[in-house]
Amino acid sequence: MNTADLGLPVDVPSTALFTDQYELTMLQAALRAGTAERRSVFEVFTRRLPHGRRYGVVAGTGRVLDAVENFRFDADVLAFLREGGIVDEETLTWLADYRFSGDIWGYPEGEVYFPGSPIMRVEGSFAECVLLETVILSILNHDSAIAAAASRMSSAAGGRPLIEMGARRTHELAAVAAARAAYVGGFATTSDLAAGFRYGIPTVGTSAHAFTLLHDHERDAFQAQVNSLGRNTTLLVDTYDVTEAVRTAVEVAGPELGAVRIDSGDLLLVAHRVRQQLDELGASATKIIVTSDLDEYAIASLAAAPVDAYGVGTQLVTGSGHPTCSMVYKLVARAESADPKEPLVPVAKKSSGGKTSIGGRKWAARRLDADGVAETEVIGTGPVPGELADQQLLVELVKGGDVVAREPLDVPRDRHIAALANLPLSATQLSRGEPVIPTEYVHGRPGS
């Protein structure tokens, strides 16, 4: 297993160009103005959850740490910037030695979040922090959207395993990230081998309709698959006639047949019929897996069906209608000079139009009720109230430029299960609603 999340070596190219040009032009202007080295604090947050969602899921943190470590301007990158006239030679010289040397704090991966939650806080000079804006947002917005969809689907599945099958429905690199985020959100396996190789996610897969169509008879296809993969394999039974295919599958593999997969039709009706037929044929231990463009609502509609596992593709890797979380990366505090002892001054955008923000470095805590269930997301500046000291959410991720919070992927997966269990029961409702707990601001007021 070769997994970046465990700190093992992987062939990762520079991430320095996963950015917008204006990050570099801001850097150039700040260098000329003498403000580039001012100590600064940036925060990642979202002003609102996707419409109707009751909570968000933090995902992609491990990938952010990889991206920060690999944010290097090597010779090829510098040559590209020089040839394009994107920045001047003074800026290129500065970039050649770039290494992030600041601190990053954030909600631990797998944790839930709400409007205003300071999901990540990046501290250092303005110059070194501003360069990371785009890559951090691109990772967190994508991965958190997928993890939120996965979490809802996992709740709808009610403990039945979910298989991530979306690689063919998105960009090849996004597919790997999506599989990772889905695993954090509760999926059990993936069909994507790159995700298995890189992150150690269990992989599954057997055959498609093309394999059945390749053979002269469906029986020949089933026999070939059983001969190769064993009786415990999963046979796809909806290429022609489902009833005949199930009968043939059991004849070929015997009652030890592992599973059948249904990929079309009225899944509720077909699943009941197939279960009855399998039981009548003596294959009572054979499982039923359903696929076919499922989302959380379709999964929930199958709660009463004799389904053992679900395979989900398109709707998962597109965030089930919400492919981004609309997170932003805003400067919230900065010093008035480059003197490292200069105190930080809160800053915030104050324009009209619904995009105001709150200045100052923030802490976050989750207030619990008498039963230990979350009741409020509390966000503030200044001292943390004593009663919330043990409920703080941000953890140190990078210290002095060094990653200090690497963890195996099963840790954020388990963390998410625990975080979801500590929310009110209405968090798992699929019907549209407001965030399951309110956000309370201390020493500040929320922007409109």
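The values are calculated or read from the model by the stated rules, or taken from the named source; none is laboratory data. Just so it is clear, the structure is predicted and the values come from calculations on it, not from any experiment. Please note: Cβ atoms are built from the backbone with ideal geometry, for glycine as well, and neighbour counts cover all protein chains shown. Note: areas computed on protein heavy atoms with side chains; ligands, DNA, RNA excluded. Shrake-Rupley method; radii C 1.70, N 1.55, O 1.52, S 1.80 Å.
Residue-by-condition table, conditions (1) of a type in the set (Gly, Ala, Ser); (2) in contact with a Cys (Cβ under 8 Å, 6 or more places away or on another chain); (3) open to solvent by 70 Å² or more (accessible area, probe 1.4 Å); (4) at pLDDT below 95:
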| position | (1), (2), (3), (4) |
| --- | --- |
| 383 | no, no, yes, yes |
| 401 | yes, no, no, no |
| 411 | no, no, no, no |
| 419 | yes, no, no, no |
| 427 | yes, no, no, no |
| 431 | yes, no, no, yes |
| 442 | no, no, no, yes |
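Scan the stretch 145-162 residue by residue and report those that are surrounded by fewer than 23 Cβ atoms within 10 Å (Cβ to Cβ) and in contact (Cβ under 8 Å) with a residue 12 or more places away in the chain.
Let us first name the residues in the stretch 145-162 that are surrounded by fewer than 23 Cβ atoms within 10 Å (Cβ to Cβ), namely 155-156, 158-161.
Passing the criteria: 155, 156, 158, 160, 161.
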Query raised in the report: Is one or more of the residues making up the stretch 367-375 surrounded by 13 or more Cβ atoms within 10 Å (Cβ to Cβ) and in contact with a Gly (Cβ under 9 Å, 6 or more places away or on another chain)?
Result: no
Query raised in the report: Do any helices (runs of 4 or more DSSP H) entirely within the stretch 45-99 hold 2 or more residues that are in contact (Cβ under 8 Å) with a residue 24 or more places away in the chain, surrounded by 14 or more Cβ atoms within 10 Å (Cβ to Cβ) and touching a Ser or Thr at 6+ places or on another chain (Cβ under 9 Å), and if so, which?
Result: 61-69, 75-83
Query raised in the report: Would the stretch 323-346 turn up any residue that is in a loop (DSSP other than H, G, I, E, B), farther than 30 Å from residue 176 by Cα, of a type in the set (Gly, Ala, Ser) and without any contact (Cβ under 8 Å) to a residue 24 or more places away in the chain?
Result: no
Report summary line: The one condition residue 286 fails out of (1) over 29 Å from residue 177 (Cβ atoms); (2) of a type in the set (S, T, N, Q); (3) open to solvent by 10 Å² or more (accessible area, probe 1.4 Å) is (3)
Report task. Return yes when residue 357 is in contact with a strand residue (DSSP E or B) (Cβ under 6 Å, 6 or more places away or on another chain), open to solvent by less than 60 Å² (accessible area, probe 1.4 Å) and polar (S, T, N, Q) and no when it is not. Result -> yes
Query raised in the report: For residue 295, which of the numbered conditions (1) touching an Asp or Glu at 6+ places or on another chain (Cβ under 6 Å); (2) under 19 Å from residue 187 (Cβ atoms); (3) not small (Gly, Ala, Ser) fails to hold?
Result: (1)
Query raised in the report: Out of the stretch 327-352, which residues are open to solvent by 70 Å² or more (accessible area, probe 1.4 Å) and under 29 Å from the mean Cα position of the chain (by Cα)?
Result: 349
Query raised in the report: Does the stretch 289-305 hold any residues that are among the polar types (S, T, N, Q) and buried (at least 19 other Cβ atoms within 10 Å of the Cβ), and which are they?
Result: 291
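Would you check if there is a residue in the stretch 49-67 being of a type in the set (A, V, I, L, M, F, W, C) and over 24 Å from residue 396 (Cβ atoms)? Please lay out each step first, then the result.
Filtering the stretch 49-67 down to residues of a type in the set (A, V, I, L, M, F, W, C) leaves 49, 57-59, 64-65, 67.
Next cut, over 24 Å from residue 396 (Cβ atoms) only: 49.
Yes.
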Report summary line: Of 122, 135, the only residue that is open to solvent by less than 10 Å² (accessible area, probe 1.4 Å), on the phi < 0 side of the Ramachandran plot and either assigned to a strand (DSSP E or B) or modelled with pLDDT under 95 (or both) is 122
